[in-house]
Amino acid sequence: MMKFKHIAIIGIVTTRFFCSCDGSDNGDLDGMWHITRIDSIANNQSIDIASDLRFWSFQDKLLQLFNYKADSWKTVLMVRFEHSDGQVIVSSPFIYDRMDGDIPLADDSLFLLYPHGINSVPDTFDVEHLDRKKMQLSDDVVRLYFEKY
């Protein structure tokens with residue numbers, strides 16, 4: 001029961017965050033995306049992570065990263081992003097903290113991004129596939145597979 005309360009709180013925070021933003025020109029990219037698989041480019045191995053409940057949520061120029069199974073509502077990560085010319089570039093990561101002020105991630109905290117497929121800052125992903133239901137992004141290290149939630 002506690003797990004469902006946690007998810008409900010995160011859902012409320014996410015909804016309020018996204019409702020407060022202006023519209024964007026991101027097309028099919030906007031919204032909540034469930035990471036289902038990560039492929040390693042270096043060793044051609046795949047990891048099915050659908051059950052981990054990791055999500056990327058795009059709105060305007062901000063991207064929220066969250067693992068509903070592992071993260072607490074106090075560790076919502078955000079990054080700024082640009083979407084153009086078939087690429088998504090993420091930068092400026094921070095811990096979202098509406099009450100006490102957002103906390104920029106220092107270099108020694110960037111490991112918090114790794115479970116979400118972001119391995120450097122800035123990180124440039126090629127958009128290999130994007131439609132209303134599925135997305136596939138890749139950088140030099142990983143290929144990420146998403147389903148729209």
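The values are calculated or read from the model by the stated rules, or taken from the named source; none is laboratory data. Because the structure is a prediction, the values reported are computed rather than measured. FYI the Cβ positions are ideal-geometry reconstructions off the backbone, even for glycines, and counts take in every protein chain you see. For the accessible areas, the whole protein counts, side chains as well, though only heavy atoms, and no ligand, DNA or RNA atoms are used. Shrake-Rupley method; radii C 1.70, N 1.55, O 1.52, S 1.80 Å.
Between the beta carbons of Arg132 and Asp107, assuming R0 = 41 Å, the FRET efficiency works out to 0.65 to the nearest 0.05. Kirkwood-type hydrodynamic radius, segment 44-127: 13.6 Å, calculated from all non-identical alpha-carbon pairs. Farthest towards the positive end of the charge dipole of segment 55-149, among the residues Pro104, Ile89, Met135, is the Cα of Met135, using unit charges on the Cβ of Lys, Arg, Asp and Glu.
Peptides 35-47, 96-108, 136-148 ranked from most to least packed by the mean count of surrounding Cβ atoms within 10 Å: 136-148, 35-47, 96-108. Of the two radii for segment 83-125, the radius of gyration is 1.03 times the Kirkwood radius, both from the alpha carbons; that is the Rg over Rh value.
Computed over protein heavy atoms with a 1.4 Å probe, the carbon and sulfur contribution to the accessible area of segment 79-119 reaches 51%.
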